[in-house]
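The values are calculated or read from the model by the stated rules, or taken from the named source; none is laboratory data. Everything quoted here is computed from the prediction, not taken from an experiment. Cβ sites come from the backbone with ideal geometry, for glycine too, and all protein chains shown count toward neighbours. Keep in mind that these areas ignore ligands, DNA and RNA; they rest on the heavy atoms of the full protein, side chains included. Shrake-Rupley method; radii C 1.70, N 1.55, O 1.52, S 1.80 Å.
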Amino acid sequence: MASPALTDDLLSDIFLRLPEPADLVRTSAACVPFRRLVTDRAFLRRFRALHPAPLLGFLDHNGFHPALPPHAAAPAARAVNLAADFSFSFLPSSSAGRGWVLRDVRDGRVLLDRAPEDGAGDDPSVFTEIAVCDPLHRRCVLLPAIPDDLAATVDQPLRVEFDRWSEPFLAPGGRGDPEDETSFGVIWMAQCRAKLVAFAFSSSSGQWRAVASLAWRDLMSGVGASSRSPAFSGRQYARGCFYWVMDWRDKLLVLDTRTMEFSIADLPSGCHRRQIAIVEAAEGRVGMFALRDHVADGAVSLYYTVRQDDADGSSHWQMEKTTPLDPEFRHYIRGAMERYILLLRFPEHLSSAGVHASSSAEMEDLECFSMDVRTFQLQRVCQLNHHILRAYIYTNFPPLLSPQSI
């Protein structure tokens, strides 16, 4: 029998089954017909729907830190680092004291904001200017100001980070036209003294709308907390929901983006509130990594729990795996995105001396590692010469496979 002809449809089905984006890039280099198939927009949409974007590095206040060899994503990270502009030089220039500040990263986009030009002296900037950027394709969109009628509902906001009294962040994709890969959403939130306020922006409509305004006494009813603002921080995302950790209790603030409703959930017992990472577990579930000390021997392990639904409609955290960490190093969770977490580690002697007071030579001992929830294997991302309190994991495809996101 003659072998079946390798039609474009059959080749496309074969290419879709390649395990990693890097394999597809190498395939495209084999010949012109293969490259034509691989770069077809419809094919790329199907491939990206089946294969999650790899971790290519992370951003912090010092810029982009690409994954370096021997990390599996190092070749793609190098290509993106060469092609992209992570200095955001394509943004409108700012005067002294009004620099752009990194606020969020998602789906290859980066959200930054700056104080408004008419800001007065040391008065807090509640309504900042917001820009959503695609650093790989050097494009940006400046969002319109929040309308006065919505802004008037924000009363006595509390500071959330830096010199900011509000929290803008990128909404998850996947709700609009699947063929329109340039549409995006932004959520703006303020924790006021008596209530929580949130607005949503859609790039499709170009407009802001109110999505939530909830008094703390109603949100915290039954929790046994004060009716005033309980102060939530450390935003994370998984499976359609954003999560914030309560500053002084083992509680989570949850925003379900499918209904745009807020609720309160429990943290697993025994974990440090500032050392957790919420991730997307298998089978559509939500997982959580947490660092825990062993009092007996001083060792540290990474605990992994998964949120399980109960028959009565409630849920609980179930322990799945414990990963011992090298006791010669101090470890900190510094970021989470989809199925990845980012760990910072440095030798114990730096911890005892005070990492912020250490010399620049000693600071070169700071290392960042990623862990994938699918494999639970640590991979070294890069080495740092500065300390970080928070990092924004950057996931994307190599330039050949990544379309404009704005």
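What number of residues within the range 262-280 are modelled with pLDDT of 95 or more and either of a type in the set (A, V, I, L, M) or more than 15 Å from Gln236 (Cα to Cα) (or both)?
3
Just the residues that are among the aliphatic types (A, V, I, L, M) and either open to solvent by 60 Å² or more (accessible area, probe 1.4 Å) or on the phi > 0 side of the Ramachandran plot (or both), please, taken from the range 257-271.
Matches in the range 257-271: Met260 only.
If you check Ala210 against the conditions, is it open to solvent by 30 Å² or more (accessible area, probe 1.4 Å), in a strand (DSSP E or B) and in contact (Cβ under 8 Å) with a residue 12 or more places away in the chain?
yes
Mind listing whichever residues of the range 85-118 are crowded, with 17+ Cβ neighbours inside 10 Å and basic (Lys, Arg)?
Listed by number, the residues that qualify are Arg103, Arg106, Arg109, Arg114.
Looking at Gly176, Gly234, Gly222, can you tell me which residue is more than 21 Å from the chain's Cα centre (by Cα), at pLDDT below 95 and open to solvent by 30 Å² or more (accessible area, probe 1.4 Å)?
Every option except Gly222 fails the conditions.
Checking Val254 against (1) farther than 16 Å from Gly335 by Cα; (2) open to solvent by 10 Å² or more (accessible area, probe 1.4 Å); (3) of a type outside the set (D, E, K, R); (4) touching a Leu at 6+ places or on another chain (Cβ under 8 Å), which test does it fail?
All conditions are met except number (4).
Restricting to the range 17-38, give me the number of residues that are under 27 Å from the mean Cα position of the chain (by Cα) and open to solvent by less than 60 Å² (accessible area, probe 1.4 Å).
The number of residues fulfilling the criteria is 6.
Name the single residue, out of those in the range 388-403 being open to solvent by 20 Å² or more (accessible area, probe 1.4 Å) and within 19 Å of the chain's Cα centre (by Cα), that is nearest to Ser183 (Cα to Cα).
Ranking the candidates gives Tyr392 first.
Given the condition among the β-branched types (Val, Ile, Thr), in a strand (DSSP E or B) and at pLDDT below 95, answer yes or no: does some residue in the range 317-332 qualify?
yes
Could you tell me which of the residues Ala73, Ala30, Ala42, Ala79 is touching a strand residue (DSSP E or B) at 6+ places or on another chain (Cβ under 7 Å) and among the small types (Gly, Ala, Ser)?
Ala73
Output yes when any residue across the range 149-158 is in contact (Cβ under 8 Å) with a residue 60 or more places away in the chain, closer than 30 Å to Arg48 by Cα and among the polar types (S, T, N, Q), and no when none is.
Checking the range 149-158: not a single residue is in contact (Cβ under 8 Å) with a residue 60 or more places away in the chain, closer than 30 Å to Arg48 by Cα and among the polar types (S, T, N, Q).
Criterion first (touching a residue at least 40 places away in the same chain (Cβ under 8 Å) and hydrophobic (A, V, I, L, M, F, W, C)) does Leu325 satisfy it?
So Leu325 does not fit the description; no.
Please tell me if Ala49 is closer than 18 Å to Arg106 by Cα and either free of Cβ contacts under 8 Å to residues at least 40 places away in the same chain or not β-branched (Val, Ile, Thr) (or both).
For Ala49, the condition - closer than 18 Å to Arg106 by Cα and either free of Cβ contacts under 8 Å to residues at least 40 places away in the same chain or not β-branched (Val, Ile, Thr) (or both) - is met.
Just wondering, is there one or more residues in the range 346-365 that are under 17 Å from Phe64 (Cα atoms), in contact with a Phe, Trp or Tyr (Cβ under 7 Å, 6 or more places away or on another chain) and either open to solvent by less than 50 Å² (accessible area, probe 1.4 Å) or modelled with pLDDT of 90 or more (or both)?
Among the residues of the range 346-365, not one is under 17 Å from Phe64 (Cα atoms), in contact with a Phe, Trp or Tyr (Cβ under 7 Å, 6 or more places away or on another chain) and either open to solvent by less than 50 Å² (accessible area, probe 1.4 Å) or modelled with pLDDT of 90 or more (or both), which makes the answer no.
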